[in-house]
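**Q** Take this structure, written in structure tokens, and hold onto it; I'll ask about it next.
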Amino acid sequence: MGASQSARTEHEFQDLADRTGFSLEQIGNLNKRFRQLSKNEETLSRQDLASISALDNNPLRAQIINAFFDKRNLRQNEAGTVQVIGFEEFLMVMSHFRPAAMHITEEEREKLRREKLRFLFNMHDTDSDGTITLEEYRRAVEELLSKAGTIGQETAKAIADAAMLEVASTTRGKMEPDEFYEGITFENFLQILKTFDIETRMHVRFLNMDTATMRCGK
Amino acid sequence: MSVRVALHSRSFLERGLLLLVILIFLEGTVLTLGAASSPDISAQDNTGGHDHLDDHRGIAGSHVHPNYTKKAFPVLSLDYHHIQVPFEISLWVLLASLMKLGFHLIPQLSSIVPESCLLIVVGLLVGGLIKLAGEEVPPVLDSNLFFLCLLPPIILDAGYFLPIRPFMENIGTILMFAVVGTLWNAFFVGGLLYAVCQIEGTYLSQVELLPCLLFGSIISAVDPVAVLAVFEEIHINELLHILVFGESLLNDAVTVVLYHLFEEYSGAGEVTPMDVVLGVICFLIVSLGGIAVGAIYGILAAFTSRFTSHTRVIEPLFVFVYSYMAYLSAEMFHLSGIMALIACGAVMRPYVEANISHKSHTTVKYFLKMWSSVSETLIFIFLGVATVAGPHAWNWTFVSVTVILCLVSRVIGVVGLTFIINKFRIVKLTTKDQFIVAYGGLRGAIAFSLGYLLDKNLFPMRTMFLTAIITEIFFTVFVQGMTIKPLVDLLAVKKKQEAKRSINEEIHTQFLDHLLTGIEDICGHYGHHHWKDKLNRFNKKYIKKCLIAGERYKEPQLIAFYHKMEFKQAIELVESGGGVKLPSAVPSQVSMQNIQPKKLPPPVAERALPQFTKGREEEIRKILRSNLQKTRQRLRSYNRHTLVADPFEDGWNDFILKKQRLIELEKKVRLMSNYLTVPGATPDSPTMCRARLASDPNAFYNIKASSDGVPTIQVDLASPQSPDSVNMLNEFSKRGATGQGLGQREGADRDEDQGLMMKPAGKGEKGEEEGGNKNPGLMRCLSDPGPSNEDEEDEPFLP
């Protein structure tokens, strides 16, 4: 609606680009998508995300949607969730899925790993107490196997238990029968996923490729 | 000190003796081979031998005579001709295997020189010996033999065990290298060779363009056999391995098309643009057709395996025969047999593995490894023999230019392609990676066989080509093969990670898959993950239902992984523990109780619940399984056509089912689990364990009445007097308990099935004080005759 509007948007985008690390073009495309999802409003609510039909088949649907509204992912160091998010928050969450640049230093790589693993950790740690307890882990595995029918539910618990045992053995070593392992802390989480090259795996191509090949919509 | 020296020298001596034996055997076989292989000489030998022997024994009248003269009945005669061909084949195979054995006796040698080099040297030696013996060297690397017998096992082994995930993730890169890279190599080498040939003074001007291009296409293909042989020993990281290996497999289509194209038109002398277009179409047909043929056979194999549950012995056969037929069918139409074989193996594997028994799976794996190993060894030996056999036409210019050009074109090709590819890749290929990819482009026996197939009349310079091909193969295998290992170490290229897959990683792999698919959906981008997810859902919904027997198609990957892990652990424990001993395994460092949150605050009078450590649980499981095994085995009669049903394995499926249902029931048990425990003995005594086991049935039996569909666990006891039951009984007899082992075994079964679950506290002994009544309680459960009587027993145990 006028040159001033677009100039302001340009300026905003540039600002966002600097802060989140996306290119201008990617921000433009993401903005288009944001507008589409929020039906041209300024903010995005849970219903908007829930209405995406393609997500219906996804067992992690609820958690993914929650992740967008989780304050910890929005660089606000407090617990809790927000009801609606703006474009900038949308971008902040999306920036967790940027791939690593080709030539980065070791510390940058480490920082990137921590960031991405932090995102995953927050997804598991639903009560925001800084540890993933056995209950939370069980729930996570159950969600993962939720599309697998009744067989899945029962084994999910066993799998979560086995996984927890593994974490405890690798991080705490020998434990006395009376000791109790409260839960997976972020440091433990980092440790067990050390060989899991997350900085290369956790990315969405879209955020890196030439947007001419992007198919927006639906 | 002297003992050690003596031992040392003894082992040295043993090794030396073994090598000597091998060498003597070698000599013997070589001479027989040499003597026997040349057909006319052998025939002469045989008849000569016959007469000779007959005369020797003084048996008269052995010549053919019009009047039949009765001759003495030949007690012993030699008829080599009768068994000649299979005998020779077996001798060669035996030779190859003994050589393989021999190398590993000398560890220093096998660490410096890759096996393929040593085998070629052996081939050279054998060929040399045959030649020295005066016989004609047999043309062993016959193209038919190679393409129809020696190559398929190796390719099938590679295709069946192809790691699909990294392959598919890098498919774009692999295809670029395979197709564009090979084309580039072929034309570069062919073209420049022609240019060199035209130079005056090389006496090569009669070599025309098309034969040069043909030669270029033969020599430019990276060979899967050589790559496998060398890369297997350097343990390089998965990405590079799959890149080079995938390229070597997929460039077969290009090679086939180029080869046929140039061979066809070498006669005509020119290639029109129309031919080029046809060539491109042919390429598409060859590759896609090969894959289609392979996929069809793969699906057929998967479908067949669905019905093999009653004839487990022939299951592996289906895998092999269907794959081989896929290869032959593709070759019939001049499609790419290699791609057909890869497609067949990759398509059938997930379904077949879900259907066939564990033993068949092991059989398939070991047979494939065995055949491919023997094939590979034979191929290299034959290469050596064929080199000695000749004929050779050495031309310094041609050969040296070939070798140099191949290297140069490979390097330029890889660097150029990587530059383009890196624009599309997330994980870019570094210079080190490029170097390894370029250096790992080894040539091998396929090039030689293709050259051998050339018609002598159409290509008068065939011998020169063959010489050049052999030189190139030797160069790549020896020089590049030997130096790649130290270079990998020098450049500090990332090596293969030996870490075992942990369950946490598996969980997070799945988690990430779904997460990324979700994010892609939110972005609205139909990317990589979206399509993969769609394919998986299609697979689960339709395909798996048809191709996988029974209920197993519903199993998601994570659960299958978990079962596999449990299975492996149990087997490891059985193998390491051995024998029915008391649980003495080192308990794992952390056990369930450490991570389970404490449930209710323990009531004052309650003692701490003894918990099983994971290790002990496993031991108990193992003991019980071996008991079950013994009892069942006694009851089956031997039948050649059925494997002795492995109760361990058949029981596994039941075990899983039982476990599921018991877990459901356990939930209900928990609801009633406010009973006091009445442990009398110290928590760790075996008695205590068994007592708890024994008393479980009570908790179980309560629920049983209310729900149907619980499997009655039929335990066929061989006899109550089996050693184990006696053992356990003795323990209880201390406490004055009598009774059969039946109750406790049933209970043990329950316990086994509950696995890692925390035992409910309930023993149905509510209201009883500690001390006094526990013995009668135990006695009661021990004398429990079985499930059918539970109704009567219910009352005393439940309020």
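The values are calculated or read from the model by the stated rules, or taken from the named source; none is laboratory data. Since this is a predicted model, take the numbers as computed values, not measurements. Cβ placement follows ideal geometry from the backbone for every residue including glycine, while neighbour counts extend to all protein chains displayed. The accessibility values were calculated without ligands, DNA or RNA, using every heavy atom of the protein model including side chains. Shrake-Rupley method; radii C 1.70, N 1.55, O 1.52, S 1.80 Å.
**Q** Looking only at residues that are polar (S, T, N, Q) and within 16 Å of B:GLY216 (Cα to Cα) in the range B:249-290, which one is nearest to the chain's Cα centre (by Cα)?
**A** B:ASN251
**Q** Right, something else. Applying the selection to the range B:360-378, what residues are surrounded by fewer than 21 Cβ atoms within 10 Å (Cβ to Cβ), touching an Asp or Glu at 6+ places or on another chain (Cβ under 7 Å) and over 16 Å from B:LEU150 (Cβ atoms)?
**A** B:HIS361
**Q** Is at least one residue of the range B:326-348 free of Cβ contacts under 8 Å to residues at least 40 places away in the same chain and under 25 Å from B:PHE567 (Cα atoms)?
**A** There is no residue in the range B:326-348 that is free of Cβ contacts under 8 Å to residues at least 40 places away in the same chain and under 25 Å from B:PHE567 (Cα atoms).
**Q** Right, something else. Just to check your reading of the model, which residue among B:ILE174, B:ILE155 is aliphatic (A, V, I, L, M), under 27 Å from B:TYR297 (Cα atoms) and either in contact with an Asp or Glu (Cβ under 7 Å, 6 or more places away or on another chain) or outside the structural domain of B:ALA253 (by the TED database) (or both)?
**A** Answer to the selection: B:ILE174.
**Q** Can you run down the residue pairs with Cβ atoms below 9 Å, 6 or more apart or on separate chains, where the first is in the range B:299-316 and of a type in the set (Phe, Trp, Tyr) and the partner is in a helix (DSSP H, G or I)?
**A** Note: pairs meeting the criteria are B:PHE303/B:TYR351; B:PHE303/B:CYS546; B:PHE303/B:LEU547; B:PHE307/B:ASN355.
**Q** Given the residues B:VAL403, B:VAL399, B:VAL388, B:VAL319, which is the only one that is in contact (Cβ under 8 Å) with a residue 40 or more places away in the chain and more than 30 Å from B:LYS131 (Cα to Cα)?
**A** Testing whether each residue is in contact (Cβ under 8 Å) with a residue 40 or more places away in the chain and more than 30 Å from B:LYS131 (Cα to Cα) leaves just B:VAL319.
**Q** List pairs: first in the range B:354-381 and in contact (Cβ under 8 Å) with a residue 24 or more places away in the chain, second part of a loop (DSSP other than H, G, I, E, B) and open to solvent by less than 50 Å² (accessible area, probe 1.4 Å), Cβ under 7 Å, 6+ apart or cross-chain?
**A** Final answer for the pair search is B:ALA354/B:ILE548; B:ASN355/B:ILE548; B:ASN355/B:ALA549; B:LYS359/B:ASP646.
**Q** Among the listed residues B:TYR297, B:TYR351, B:TYR265, which satisfies the condition of being out of contact with any Lys or Arg (no Cβ under 6 Å at 6 or more places or on another chain), under 25 Å from B:ILE218 (Cβ atoms) and assigned to a helix (DSSP H, G or I)?
**A** Residue meeting the stated conditions: B:TYR265.
**Q** If you don't mind, there's one more thing I want to ask. In the range B:304-324, how many are part of a helix (DSSP H, G or I) and surrounded by fewer than 17 Cβ atoms within 10 Å (Cβ to Cβ)?
**A** Within the range B:304-324, residues that are part of a helix (DSSP H, G or I) and surrounded by fewer than 17 Cβ atoms within 10 Å (Cβ to Cβ) number 6.
**Q** Let me confirm something: among B:LEU458, B:LEU407, which residue is assigned to a loop (DSSP other than H, G, I, E, B), within 30 Å of B:SER143 (Cβ to Cβ), in the same structural domain as B:LEU192 (by the TED database) and not small (Gly, Ala, Ser)?
**A** Being assigned to a loop (DSSP other than H, G, I, E, B), within 30 Å of B:SER143 (Cβ to Cβ), in the same structural domain as B:LEU192 (by the TED database) and not small (Gly, Ala, Ser) holds for just one of B:LEU458, B:LEU407, which is B:LEU458.
**Q** Okay, next question. Of the residues that sit in the range A:17-60 and are more than 29 Å from B:ASP513 (Cβ to Cβ) and within 21 Å of the chain's Cα centre (by Cα), which one is modelled with the highest pLDDT?
**A** Among them, the one singled out is A:THR43.
**Q** Can you tell me which residues in the range A:60-89 are open to solvent by less than 10 Å² (accessible area, probe 1.4 Å) and in a loop (DSSP other than H, G, I, E, B)?
**A** A:LEU60
**Q** Name the residue, out of B:LYS428, B:LYS432, that is over 29 Å from B:LEU192 (Cβ atoms) and under 33 Å from the mean Cα position of the chain (by Cα).
**A** B:LYS428
**Q** Looking at (1) aliphatic (A, V, I, L, M); (2) open to solvent by 20 Å² or more (accessible area, probe 1.4 Å); (3) within 14 Å of chain A (Cβ to nearest Cβ), find the lone condition where B:ILE421 falls short.
**A** (2)
**Q** Given the conditions (1) touching a Lys or Arg at 6+ places or on another chain (Cβ under 7 Å); (2) modelled with pLDDT under 85, and given that B:HIS514 satisfies all but one, which numbered condition is not satisfied?
**A** (1)
Per-residue answers, yes or no, for (1) surrounded by fewer than 24 Cβ atoms within 10 Å (Cβ to Cβ); (2) within 20 Å of B:ILE155 (Cβ to Cβ):
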| position | (1), (2) |
| --- | --- |
| B:VAL189 | no, no |
| B:LEU193 | no, no |
| B:LEU213 | yes, no |
| B:ALA226 | no, yes |
| B:GLU232 | yes, yes |
| B:LEU258 | no, yes |
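**Q** Now for a different question. When you look at B:LEU141, is it buried (at least 20 other Cβ atoms within 10 Å of the Cβ) and modelled with pLDDT under 85, yes or no?
**A** When the stated conditions are applied, B:LEU141 passes them.
**Q** How many of the residues making up the range A:85-142 are touching a Ser or Thr at 6+ places or on another chain (Cβ under 9 Å), within 13 Å of chain B (Cβ to nearest Cβ) and not hydrophobic (A, V, I, L, M, F, W, C)?
**A** So the answer is 7.
**Q** Among (1) within 8 Å of chain A (Cβ to nearest Cβ); (2) touching a His at 6+ places or on another chain (Cβ under 8 Å); (3) open to solvent by 30 Å² or more (accessible area, probe 1.4 Å), where does B:VAL427 come up short?
**A** (2)
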